[in-house]
Structure formats: structure tokens, C-alpha cells
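Since the structure comes first, as C-alpha cells, the remarks are kept for the end.
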Amino acid sequence: MSIMPLVRGAWLAPGTHLDLVGAFRPEMRETDDDAIRRARIFVDARFTAAAECGDIRQPLDAGLIDDDAITDTFQLTRGERPGRQSDAEITLFKSGGGGHEDLGTAQHLLARLDAAAGATTPT
């Protein structure tokens, strides 16, 4: 719920991966501009992370990064953009959250529960 960055880019050693899962509103920040500048940025979905989350929205609005600096999971899974390119690369994943993630988690947990009980999950 912070509006002030909690993680500083200066703290990130080469090879660091940072997951940002809070700061879901435009005025919120988990990390500072230095981290955004130093990292290769991945988001779950542009329609949430880039549009609504301060960690991405604020640097976009300030011109610190542009849309091409962001890789979303759709581009990644379709092979349109690469993942980590070196062991030294700093990467940052920003989750904008959303019902699709909650649904996927619930389906996974239900399948595990059903498997433990010896049932089968309908498809």
C-alpha cells in the first residue's frame, strides 16, 4: 500500500530478479526509478500493470521508459520477445493482478485437492 518506493535500484546486484506484486494503483510504488531504469521489465498483462500500477505507469508517464521497454507474458509465451538474456541481467516482473490469476490459482489448488482425495477434476 506504499506510495513511496521500498526497494532501491542501487541495491540490485547483477543477476537479480525482482517480483513486484503490490502497488496496484497508479499512485503506489514498490520500487524506485533507478530499479526501473536498470531492469528488463516483464508484466503479466499490459492492461493492468502498465495501465494501472504506479511502478510502471509513473515511469511511462514521466518518459523514463516507453512501451517497448516492457515485455508482457503474452509476448514471452508466444516467443515474440526473449526472457532473461544473461546471468548478469537484472529483471523485474510486475504483476498487475487480476481475476485470471486468482482463477488459475483456484483451479490448480482444486485439482490438487481432488487428486489427494482420489477424485478427478472435470475439464
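The values are calculated or read from the model by the stated rules, or taken from the named source; none is laboratory data. It should be emphasised that the depicted structure is a prediction, and the values quoted were computed from it without experimental measurement. Cβ atoms come from the backbone with ideal geometry, glycine included; neighbour counts cover every protein chain shown. Only protein heavy atoms, including side chains, enter the accessible area calculation; ligands, DNA and RNA are left aside. Shrake-Rupley method; radii C 1.70, N 1.55, O 1.52, S 1.80 Å.
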Given the chain reduced to its alpha-carbon atoms as identical point scatterers, what log10 I(q)/I(0) does the Debye formula return at q = 0.14, 0.20, 0.23 Å⁻¹?
-0.65, -1.06, -1.30
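Multiplying the sequence separation of ALA115 and PHE74 by 0.36 nm and subtracting their Cα-Cα distance, what value in nm do you get?
Values: separation 41, 0.36 × 41 = 14.76 nm, distance 2.96 nm.
Answer, rounded to one decimal: 11.8 nm.
About its Cα centre, what dipole magnitude does segment 2-95 give when the only charges are +1 on Lys and Arg Cβ and -1 on Asp and Glu Cβ, stated in debye to the nearest 20? Could the numbers behind the result be given before it?
On the way: 12 positive and 17 negative charges, 29 e Å.
Dipole size: approximately 140 debye.
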Area accessible to solvent at ILE3, 1.4 Å probe radius, in Å²:
100 Å²
Positive end of the charge dipole of segment 1-100 (Lys, Arg +1 and Asp, Glu -1 on Cβ, about the Cα centre): tell me which of MET28, LEU18, ILE70 has its Cα farthest that way.
LEU18
Using the Cα centre of the chain as origin and beta-carbon charges of +1 (Lys, Arg) and -1 (Asp, Glu), tell me which of ALA39, VAL7, LEU109 is placed farthest towards the positive end of the dipole.
LEU109
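At a 10 angstrom cut-off on C-beta neighbours, averaged per residue, how do the peptides 73-79, 6-12 rank from highest to lowest? Numbers along the way, then the final one.
Working: 73-79: 11.9, 6-12: 14.4.
In decreasing order of mean packing, 73-79, 6-12 become 6-12, 73-79.
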With just the Cα atoms defining each centre, how far is segment 1-71 from segment 77-99? Give it in Å.
12 Å
Tell me the relative contact order for the chain as a rounded percent, counting alpha carbon contacts under 8 Å between residues six or more apart.
31 percent
Once R0 is set to 30 Å, what does the formula 1/(1 + (r/R0)^6) return for the Cβ-Cβ distance between LEU64 and GLN107, expressed as a FRET efficiency to the nearest 0.05?
0.20
From largest accessible area down, sort MET28, MET1; use a 1.4 Å probe on the protein chains.
MET1, MET28
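Counting each DSSP H run of 4 or more residues in the chain as -39500 (n - 2.57), what helix-only mean residue ellipticity at 222 nm follows after dividing by all residues, to the nearest 500 deg cm²/dmol? Display every interim value, and only then the final one.
Values: 5 runs with 46 residues, N = 123.
After summing the helix terms and dividing by residue count, I get -10500 deg cm²/dmol.
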